[in-house]
Amino acid sequence: MSIEAKTNFLNETEKALSSEITARDLTTVLRILSDVMQHYDLFQTPTGEPTKDDLLECYLASQKVHGLSEKTIDRYQYVIRRLMNALGVPTRQVTVHHIRGWLAKEQDRGISDGTLRGLRDVFCAYFGWLHREGLIERDPTGNLDPIKCPKKRKAIYTPIDIEKLNTKCTELRYSIRNRAIVAFLKSTGCRISEMTGLNRGDVNLHSLEVVVTGKGDKQRKVFMDEVAGMLLKEYMDTRTDDCEALFVGQRDERLQPGGVRSMLNKLADVAGVKHVYPHKFRRTLATNLNRRGMPIQEVAAILGHENLDTTMKYVILNDQDLKNDYRRYT
């Protein structure tokens, strides 16, 4: 698929729908389209003299050399092109006022502060790199103030939540597969892209070990509990297809992240569990392992984090945990 054509298609789709649906729905639509488009070749029909941002191409090439995943590079390209298309000025003429004005318009459109902070981070990385490489005289993001976001206490799944999800899997299609997915996410803490990228040969049901490929194509070993291993074996025994993927969809093709999210949304509705999404399993595992005494360095290794600060954001301490530890140490 032409990355440029994909980016332009998403930009034009966003522009066309921005006045028709809410910002939240628009984000959902664009994410689903991005997942679906992975299965198709898309090429833009030329309507005139093609244009190319050589500076952006240089930056993306450097990130590829550094080992960033194709998905991350696609996101960087999409976000930066979206900004440049909106500003309508050459990269070397962009000022901090341009970027602030665009972020303010996005905020007025209902974009959350968390999303705006992510956009700002991409712009700072891009223009900062251009300045360090001597490709622009001044970094327009140098005076771009950080975007403050209220710190919300993130939730994890309770044992009751997990039991409800497991029980209600029988009310959906592909219940055996769905139970295996829930158990797999719960016990391994894999990212959704890591799980959907797995092949049958990556899993050892005897040792309950899985070799996953994470960000930057870095491989690591994760582990399953016995329940996850049993349910995964049960699911594999029902398979009659020859697809190498560990999990498949209705056409016996590799299950995509969008398909997992859709299944979990339906499961949440029938189970009566709020805020069900893949990454929450990852946070739940990190918290539970830490509560049971696993050193934070080992939790980081399981999650595939190189920075312990990142892992600490996943570990949720509730008031009772703090109170109990306080009583124990004082």
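Nothing in this text is a laboratory measurement; each read-out follows from the coordinates by a stated rule. These numbers come from a predicted model, not from an experiment. Glycine also receives a Cβ, built like all others from the backbone with ideal geometry; neighbour counts cover every protein chain displayed.
The calculated 222 nm mean residue ellipticity attributable to helices in the chain amounts to -18000 deg cm²/dmol, summing -39500 (n - 2.57) over DSSP H runs of n ≥ 4 and dividing by all residues.
Residues whose amide H lies under 5 Å from that of Val248, counting only those 5 or more places away or on a different chain, are Leu255; hydrogens are built 1.01 Å from N in the peptide plane. What the Cβ-Cβ distance of Glu209 and Thr28 gives, at R0 = 41 Å and to the nearest 0.05, is a FRET efficiency of 0.70.
Stokes-Einstein diffusion for the range 77-168, with the hydrodynamic radius set to the Kirkwood value over Cα pairs and evaluated at 37 °C in a medium of 0.692 mPa s, equals 213 µm²/s.
Spatial offset of the range 239-308 relative to the range 171-227 amounts to 8 Å, using the alpha carbon center of each. For the range 156-165, backbone phi angles converted through the Karplus equation (6.51, -1.76, 1.60; θ = phi - 60°) give residue-by-residue couplings of 10, 6, 8, x, 5, 4, 4, 5, 4, 5 Hz, Gly and Pro being listed as x. Taking each residue as 0.36 nm, the span from Arg292 to Ser175 lengthens on full extension beyond its C-alpha to C-alpha distance by 39.0 nm.
With coordinates expressed along the principal axes, the C-alpha atoms belonging to the range 3-132 extend over 40, 35, 33 Å, beginning with the largest.
Can you give the angle from 0 to 90° between the axis of helix 175-188 and the longest principal axis of the chain, with both taken from C-alpha atoms, to the nearest 10? Its long axis makes an angle of about 80 degrees. Both radii come from the Cα set of the range 159-324: Rg as radius of gyration, Rh as Kirkwood radius; their ratio Rg/Rh reads 0.96. Be a star and scan the range 139-163 for residues whose amide nitrogen sits under 20 Å from the point 7 Å along the Cα-to-Cβ vector of Lys274. Under 20 Å, as judged by backbone N against the label point of Lys274, lie 150-163 of the range 139-163. Note on the range 71-128: along the principal axes its Cα atoms extend 28, 28, 18 Å, ordered by decreasing extent. As an equivalent ellipsoid, the chain spans semi-axes of 37, 26, 20 angstrom, where each value is the square root of five times an eigenvalue of the C-alpha gyration tensor, largest first.
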